[in-house]
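To start, the structure under review is shown below, and the notes come after it.
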Amino acid sequence: MTQKPETMAWEVEVLEDAAGWRDALPGCRDVVRRAAQAALSGEARVPAQAELCVVLTDDGRQRELNRRFRGIDKPTNVLSFPASEPGGSPGGPPDLLGDVVLALETCGREAAEQGKALSDHVSHLTVHGVLHLLGFDHENDGEAELMERHECRILAGLGIPDPYAAVAGGQGTSP
C-alpha cells in the first residue's frame, strides 16, 4: 500500500443516522473510519487535506436517497455523493470529498448471503464508496476491473480477503 507523507490530514466523520448499527456491528464507527482512511492513504488522487462523511443509515432512508438521486425505488448497499472536484490550494481549507451512505439491513443481508463477516463487507463498501468520491467508477468492464483491483489492494492492506473471489465463481461484480 502506498504510504502518504505525515503532512497529509484527512478527516473522516462517521454519523449514525439509524439505530441498530452498534448492535449489528460493535465498533462500527472505527470499522468505517479505518476503511475510509485506508482508501484515502492508498490513492494518489487524494489531496493533502481532505474531509468526507460516512453516514450509517437504514434501508428506508437509503431507499429515499436512491429514489431521489438515482431514480431507483429500492434500497441499495452504498451510495456516494461527491461534493466537488479536488483541487484545494496548499495551506488552504481541506477539500470536501463528499458523503458515503451505507444501509444497515442491505449490508447485513448481503454479508449473510455471501458468508462474509459484516465488518469485512462494510469495510469493502466503505472503500468502494470512497473510491467513487475520488472519481473511480464501474460503468464499463474496464472501469470495473480497475476499481476492483484498487478495492482488493486496499482491503488486503486491512487483512480482508478479496471480496470478489467467491462471487459468481470468481467473477467480480461491483457493489
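The values are calculated or read from the model by the stated rules, or taken from the named source; none is laboratory data. Since the model is a prediction, treat every value here as computed from it, not as a measurement. No Cβ is skipped: glycine too gets one built from the backbone with ideal geometry, and neighbour counts run over all protein chains shown. Note: areas computed on protein heavy atoms with side chains; ligands, DNA, RNA excluded. Shrake-Rupley method; radii C 1.70, N 1.55, O 1.52, S 1.80 Å.
Among the residues of segment 109-126, the ones that are buried (at least 24 other Cβ atoms within 10 Å of the Cβ) and without any contact (Cβ under 8 Å) to a residue 40 or more places away in the chain come to 0 in all.
Residue-wise test of (1) in a helix (DSSP H, G or I); (2) modelled with pLDDT of 95 or more; (3) surrounded by fewer than 14 Cβ atoms within 10 Å (Cβ to Cβ); (4) charged (D, E, K, R).
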| site | (1), (2), (3), (4) |
| --- | --- |
| A44 | no, no, yes, no |
| G60 | yes, yes, yes, no |
| E64 | yes, yes, yes, yes |
| K74 | no, yes, yes, yes |
| P90 | no, no, yes, no |
| D99 | no, yes, no, yes |
| C107 | yes, yes, no, no |
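Just one of the numbered conditions (1) open to solvent by 50 Å² or more (accessible area, probe 1.4 Å); (2) modelled with pLDDT of 95 or more is not true of L146: (2). With respect to (1) open to solvent by 10 Å² or more (accessible area, probe 1.4 Å); (2) modelled with pLDDT of 95 or more, the lone exception for D137 is condition (2).
Give the residues of segment 127-164 that are free of Cβ contacts under 8 Å to residues at least 40 places away in the same chain, closer than 19 Å to G98 by Cβ and part of a helix (DSSP H, G or I), sorted by residue number. Correct list: E143, M147, E151.
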